[in-house]
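Enquirer: I am attaching a structure below and will ask some questions about it afterwards.
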Amino acid sequence: MFGPVMAGERVRLEPPRSEYAPAYLRWFADREVTRYLKVRNPTSPKKQDEWLEQMAASEVDVLWAIVRATDGGLIGNLGLHKILWRHQRAELGYVIGERDQWGNGFATEAVALATSYAFLELALQKVWAEVTAPNEASRRALERNGYRQCAVFRRDRYVEGRWHDLWVGEILRDEWTALHPGALQQDT
Amino acid sequence: MFGPVIEGARVRLEPPRLEWSPTYQRWLADMEVTRYLIQRNPPSLRQEEALLEKVAEDPHRVVWGIVLKDGGKLIGVIGLDKIDWRLRDAESGIMIGDKTEWRHGHASEAMRLRTEYAFMELGLRKIWTGVDMPNVGSRRALEKAGYRQCGVMRRHFLVNGRWVDVWMAEIHREDWQRAREATCSAP
């Protein structure tokens, strides 16, 4: 699935457009952008396009583009992935691909929007995320939204000749509800 | 999906088998069996096999065969259709194709086994169904299994040239759990 429009104060989540494909290719060709990501290589325009269609057709992924609220400019990508409907959980992943937009708290707001979607619209019990340990900005975006460390996998990622630990954080439905009183009128 | 084996007292739910196709075809060719079903015509064997393959990989359906524990005879099929994973509900589907096994309580037992699976394994919240008003057997089985009326659709289905009302019913997880706890704690 593609995610619906979700408006925040400074960013908006939107369904991705196929004309974004060149920007994605540029981001994934930039090793500074991908340093702490799982995917570290660009693909072909055709494959990139097919991937978007795959996401649109998938019942276990929700994909959004992150755009600036002011001018609608594309700055990143975010998704709820590997949704296990039976176990009511999903993995959150994101990238701010435009490097000059780093440090503005955009990821924090995007994570907030996607997390509320997961609990309110998808009625999940848990959202979790992986962060390569030195990627403090990314971890902070999660922690500011109530995600808590649940595991650290040691020497899990090999990046530029060095081993890094992998930080895993999660937020449970109850925890999110406690942080957002009144968001759920009636819960089951 | 195919359902896993679930043992009841008198019936067992089992994953469907390809070799049952001729039996299904025979049942669906019998207008007495299909009187209150949406499907009122028999499939070809190839169609039936293709359908089974489709069901096997469909995440929005679960299908079982119903067999008698005593002897293992196939008497019907049961399933959950239209599973909506976001809303966590599904529609009930059932057919006792073997007419000699009607009115023995097999359907309600199969439904109870399915309910426990739907709520405890799939995490669903409710199962809903619609039954043609004149289909007293199916309605009684559902009521015995804990389903309650939630509405009536007027002149909703065609049976032998007459438009009949459809009884809409559902079973909710909370109600089911409460009823179960009451039974278990009874002396």
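Enquirer: Does at least one position in the range A:156-171 carry a residue that is open to solvent by less than 50 Å² (accessible area, probe 1.4 Å), within 14 Å of chain B (Cβ to nearest Cβ) and in contact (Cβ under 8 Å) with a residue 12 or more places away in the chain?
Expert: Scanning the range A:156-171, I find no residue that is open to solvent by less than 50 Å² (accessible area, probe 1.4 Å), within 14 Å of chain B (Cβ to nearest Cβ) and in contact (Cβ under 8 Å) with a residue 12 or more places away in the chain, so the answer is no.
Enquirer: Also: Pull up the range A:108-118, narrow it to residues that are open to solvent by 20 Å² or more (accessible area, probe 1.4 Å) and aliphatic (A, V, I, L, M), then point me to the one that is farthest from the other protein chains (Cβ to nearest Cβ).
Expert: A:Ala112
Enquirer: Something else now. Hey, any hits in the range A:17-38 for a residue that's in a strand (DSSP E or B), more than 23 Å from A:Glu121 (Cβ to Cβ) and away from chain B (no Cβ under 14 Å)?
Expert: Checked against the condition, which is being in a strand (DSSP E or B), more than 23 Å from A:Glu121 (Cβ to Cβ) and away from chain B (no Cβ under 14 Å), the range A:17-38 yields no hits at all.
Enquirer: Further, regarding this structure: Tell me, which residue of the range B:21-60 that is over 26 Å from B:Arg139 (Cβ atoms) and among the basic types (Lys, Arg) is least open to solvent (accessible area, probe 1.4 Å)?
Expert: Per the criteria, the residue is B:Lys54.
Enquirer: Please state which one of A:Ala151, A:Ala114 is of a type outside the set (Ser, Thr, Tyr) and closer than 23 Å to A:Tyr24 by Cβ.
Expert: A:Ala114
Enquirer: Next question. Taking into account only those residues within the range A:86-104 that are open to solvent by 30 Å² or more (accessible area, probe 1.4 Å) and assigned to a loop (DSSP other than H, G, I, E, B), which is nearest to the other protein chains (Cβ to nearest Cβ)?
Expert: Within the range A:86-104, the match that is nearest to the other protein chains (Cβ to nearest Cβ) is A:Arg86.
Enquirer: Moving to a separate point now. How do the helices (runs of 4 or more DSSP H) wholly within the range B:85-187 filter down when requiring 1 or more residues that are touching a residue at least 12 places away in the same chain (Cβ under 8 Å) and within 14 Å of another protein chain (Cβ to nearest Cβ): which remain?
Expert: Answer list for the range B:85-187: B:106-120, B:173-185.
Enquirer: Could you check the range A:39-83 and list, in sequence order, the residues that are open to solvent by 60 Å² or more (accessible area, probe 1.4 Å), in a helix (DSSP H, G or I) and within 23 Å of A:Glu130 (Cβ to Cβ)?
Expert: Result: A:Trp51, A:Gln54.
Enquirer: While we're looking at this one, here's another question. I'm trying to understand the selection: among the residues of the range B:58-81, which are within 14 Å of chain A (Cβ to nearest Cβ) and in a strand (DSSP E or B)?
Expert: B:Val62, B:Leu80
Enquirer: Let me confirm something: among A:Ala56, A:Ala123, which residue is within 14 Å of chain B (Cβ to nearest Cβ) and modelled with pLDDT under 95?
Expert: A:Ala123
Enquirer: Could I ask something else about it? Where the second residue is of a type in the set (S, T, N, Q) and the first is within 21 Å of B:Val62 (Cβ to Cβ) and lies in the range A:86-97, which pairs have Cβ atoms under 9 Å and are six or more apart or on separate chains?
Expert: Taking only residues 6 or more apart or on different chains, the pairs are A:His87/A:Gln125; A:Gln88/A:Gln125; A:Arg89/A:Gln125.
The values are calculated or read from the model by the stated rules, or taken from the named source; none is laboratory data. The model shown is predicted, which means the values in this text are computed figures rather than measured ones. Please note: Cβ atoms are built from the backbone with ideal geometry, for glycine as well, and neighbour counts cover all protein chains shown. Note: areas computed on protein heavy atoms with side chains; ligands, DNA, RNA excluded. Shrake-Rupley method; radii C 1.70, N 1.55, O 1.52, S 1.80 Å.
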